[in-house]
Each structure stands twice: as C-alpha cells, then as structure tokens.
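This report concerns only the one structure given below.
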Amino acid sequence: MDQVAIRAWGNSQGIRLNKEIMDKMDLKVSDVLDIEISDGTIILRKAFRHKTFEERLAEYGNEISVCDYEWGEPQGRELL
C-alpha cells in the first residue's frame, strides 16, 4: 500500500502521485480525475475523455475511406 501526504498548494491542498502510480494508471500531467467519496474512502478515477478526430483517424491508419452505399428502393416518402 502506498501512502501520500496532504500538502498546502497555494490556497488549496493537494497530494502528489509518484511515477509508478502515474504509469500504472496511464496518467499524464493535466489529466482530469473523477473523485467519489464513499464510506470514508476517496476514490479517484481517470475521467472519460472523448477521442479527438486525429486520435480516431490514427486508429484507421490515418486514412479515410468514402464509399457509396446502396440503400435500395424508397419504401415510403423519403426525400430524394
């Protein structure tokens, strides 16, 4: 079990996370954490973050493929 001390930080208080914890949680400076308090326990979770367009594009080899899709004949009052 790791321990950290609460320290003054300007008009607030803060804790420092060592590199080992940062690496285990894949945290980086300026990441946002969600905080929850439950039964006297403080729980920190890495906040959900939407991927940027560039990050999503990188998942597909930085290529965008555009193709036409045949939807079939109109079935109702679709606008053409």
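Computed across region 21-80, the Kirkwood hydrodynamic radius from all distinct Cα-Cα pairs reaches 16.7 Å.
Within the chain, the longest run free of exposed loop sites, counting GluC sites (Glu not before Pro) that sit outside DSSP helix and strand states (H, G, I, E, B) and have at most 16 other Cβ atoms within 10 Å, spans 1-58. Loop-located trypsin sites (Lys or Arg not before Pro) in region 1-35 (DSSP state other than H, G, I, E, B) with a sparse environment of at most 11 neighbouring Cβ atoms within 10 Å: Arg16, Lys28. Given their separation in residues at 0.36 nm each and the Cα-Cα distance between them, Ser38 and Ala8 gain 8.4 nm when the chain is fully extended.
Within region 43-80, the trypsin sites (Lys or Arg not before Pro) that combine a DSSP coil assignment with at most 16 other C-beta atoms in a 10 angstrom radius are Arg49, Lys51, Arg77.
Since every read-out is calculated from the coordinates, none of them should be taken as a lab result. Predicted, not measured: the structure shown is a model, and the values here were computed from it. Using ideal geometry, Cβ is built from the backbone for each residue, glycine included, and neighbour counts are taken over all protein chains shown.
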